[in-house]
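Please treat every number below as a calculation from the coordinates, not as lab data. Remember, predicted model here, so these are calculated numbers, not experimental data. Here the Cβ is made from the backbone with ideal geometry for all residues, glycine too, and neighbour counts use every protein chain on show.
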Amino acid sequence: MIKIANFLRNLDKTKIAIIALLLIHLAPVWGFKFIPTQDGLNHVYNAYILKEYNNPAYTKYREVYDLNIKLFPNWSAHAFFFVMLHVMPPLIAEKLYVTLCVALLPLSLFYFLRAVDRRLMFFGFLGFLYSYNYLLNMGFYGFALSVSLYFFTLGYWWKHRNELNINHIAVLYSSLILIYFCHLFSYGVILLSLSFLALTTAILPANPQCSIMGRLKELLKFAGVILPANFILLIVFLSNPESREVIYHNDLWDFFISVRSLISFNDDSIPISWGLLGFIGGCLLWTLVKDKMIGKRFIRQRDGFLLLFIVMTVLYFKIPWQIGPPAWFNDRLNLYLFPILLAWFSFNYPGWVKRSLVVIMVGLSIAHLGLTFRDYHLLNKDMEEFTSGAHLIAPNSAISIMSNDWANGDWHGPIKYLSPFYHDTCYYGLGNGGLYIGNYEPKYSYFPLRYKNGNWKFQYTGGVIDYMLVWRMDENSDEVRQLKNDYELIYETKNLKLFRHKSSR
C-alpha cells in the first residue's frame, strides 16, 4: 500500500488524466458480454478451430479445413487468441485483445509526438478519439493493432534517426516484423512513411551547415537499412495468389470531410467529426500564422510531416478501395492522416489556449465514447437474443444461417455501416466443435486455415447441415416454409428461430 501511495503521489496531473481516460475508454469492452464487431468473433472462432483441429471428437474441422501455417501477414490476432484460448474463455480472450487495441492507440500517439518534440505531447489526447474507430468495430483486429505499432515505430525511428546503430536497427526491424504480422497495409504505410521522412530529413537538415555529401551519405545509409524490408513487401505482393480485381469508390470526398474512419454504426457521431475538422483546421491556421508568417520559421525538419500528410492524402484519393480480396484501403489510410499532421502543428500556444485545446480533444473523445457505449449497450441486447440458442447445439455439428435483414436490431434500430450479425453465428460453434458453414476466412490465402477442394459458404458436402438459424425472417416466407420440410423448430424468440435437421435428433 505504501508503494502504491508513493506511486500516486509522484503522478502529475497529465499522467492521472491519461490513466483516467484509459480506464474510462475500456468501459465498452468490459461493461458488456459482447464486443459487437462485424468480423471480430470470426477471428476468435478460427483461432478456436486451430486449437481444436486435432481433437478426435471434432471430426468436421479436419474434414473441411487444411492448415495453412505460413509466414503471411494477419497472424497477430490468431496467434494471440490461439494462446489465450488455452487458459480463458473465447469472449475474455477477445476482450483482452481489444483492450490492447483501444489502450495502445492513444499511448502510441503520446509516444510518437513526444519523440518528435516533447512540447507536442499534449496533442496525444486526440488519440482517445481514435480508440473506437470504424476499422476496429469492423473487427479488423490485426489492422487495429498495427495502427498503434505504426506510431510507436515511427516515433522510435524519428527519435534515433541521426544516430542509428545496430541496436536501434534491431529494435526498428523487430517493430517492422510485428507490424508485418499484424497487417500488410500498415506495413506498406510504415515503409512509405520512414522512407519519405528519411528523404525530407536529408533535404531539410536540422544543421544547415551539413554538407550535401553528408546528407546523401545518411540517406544512402538509411536506404541500405530499409531495403530488405521493402523486398519483403514486394515478394509478398507478387506471390499473392488471389485475384487482382480493382475496385474504386466514388464517395471519398464525403468520407474524408466526415472522417468516416471514426463512424461505425450510424451517423450520430458526424457532428463529432465536424468538431475534429474544426479543431484540425484551427491548429493548421494557427501554425501557418504563428510559426510561418510571424515566426518566419519556414524550413524545419518537422515540415516533413506536413509533406507526408499531403502525400498520404493524395494517395487516399488515388488508390483503389480494393485489389482482389484485400479491401478498405482508403478507409485504412484515412485513419492515419490527421494524427500524422499533429506532428507538424505549432506548440507555441498561450497557456489558456493550450488548456482549451486539451479540453476540446478530451470533450470530443468523451462524446464519441458515449455514443460508442450506447451502441454497444443496445447491440448487446440484440446479440443476446441472436446467440440465445447456442446452448442447444450438439457437439461436432454443422451450423448455418438464413437472414434477409442484417442491418437492423429491435433495440439498436438501423445499423448503417457494418453489422455484428454477419458472422456472429460463429458463437454457436465455440466450445462444441461446431462447424460454421459461412466461415469466410479459409477462402483466402492470408489466413491460417484453407478450405479443402475450394468449398466455401453454404456448400458443406460432408452431410447435412445439422442446425439452421433463421434471423429476422418471416416464417411464412418461401425459404422458411421450404426449410421446414427437412428441419424441425427447437427454439424460438421474437427474431430468432433455431431449426434442427430431422436426421440429427
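Table for the structure above
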| item | result |
| --- | --- |
| Helix 212-239 axis, angle to the chain major axis (alpha carbon atoms, nearest 10°) | 10 degrees |
| Over 20 Å [Cα-Cα, segment 172-275], rounded percent | 62 percent |
| DSSP loop GluC sites (Glu not before Pro) with at most 13 other Cβ within 10 Å: longest gap in the chain | 246-474 |
| The chain, helix-only ellipticity at 222 nm - DSSP H runs n ≥ 4, -39,500 (n - 2.57), divided by all residues, nearest 500 | -17000 deg cm²/dmol |
| Where trypsin sites (Lys or Arg not before Pro) fall in DSSP loop in segment 46-110, at most 14 other Cβ within 10 Å | LYS70 |
| 0 to 90° range, to nearest 10: angle between helix 184-203 axis and the chain longest Cα axis | 10 degrees |
| Proximal charge balance of TYR111 [Cβ under 12 Å; K/R count +1, D/E count -1] | +3 |
| Length-normalised contact order for segment 1-118 - Cα pairs under 8 Å, 6+ apart - percent | 32 percent |
| Relative pair counts by distance (%), Cα atoms of segment 425-505, 10 Å bins | 16, 44, 30, 10, 0 |
| Local electrostatic count at ASN42 - Lys and Arg +1, Asp and Glu -1, tallied over other residues with Cβ under 10 Å | -3 |
| In nm, spacing of pseudo-spin labels at GLU385 and CYS210 (7 Å Cα→C-beta vector) | 6.2 nm |
| Calculated FRET value between VAL311 and LYS290, using beta carbons and R₀ = 25 Å, to 0.05 | 0.55 |
| For segment 321-449, convex hull of alpha carbons as volume per residue, Å³ | 178 Å³ |
| Neighbour cut-off at most 14 other Cβ (10 Å), DSSP loop, chymotrypsin sites (Phe, Trp or Tyr not before Pro), segment 266-342 | PHE298 |
| Cα-based helix-to-principal-axis angle, 303-318 vs the chain, degrees rounded to 10 | 30 degrees |
| Gap separating the Cα centres of segment 23-45 and segment 185-238, nearest whole Å | 38 Å |
| Full-extension gain in nm, ASP66 to TRP411, via 0.36 nm per residue minus C-alpha separation | 120.3 nm |
| For segment 250-310, fraction of C-alpha pairs farther apart than 15 Å, in % | 63 percent |
| Full-stretch length increase - LEU107, TRP352 - with 0.36 nm per residue and alpha-carbon distance subtracted | 85.8 nm |
| Listed residues ILE270, HIS377, LEU22: farthest to the positive end of the dipole of the chain (Cβ charges) | LEU22 |
| Exposure proxy ranking, count of Cβ atoms within 10 Å, fewest first, for ASP39, ASP424 | ASP39, ASP424 |
| Calculated on alpha-carbon atoms, Rg and Dmax of the chain in Å | 24.9, 85 |
| Sparse-neighbour loop sites [chymotrypsin sites (Phe, Trp or Tyr not before Pro); segment 37-74; at most 16 other C-beta within 10 Å; DSSP] | TYR53 |
| In nm, spacing of pseudo-spin labels at ASP251 and ILE169 (7 Å Cα→C-beta vector) | 4.8 nm |
| For segment 3-117, Kirkwood radius (reciprocal of mean inverse C-alpha pair distance, Å) | 17.1 Å |
| Surrounding net charge for LEU483, when Lys and Arg each add one and Asp and Glu each subtract one, Cβ distance under 14 Å | -3 |
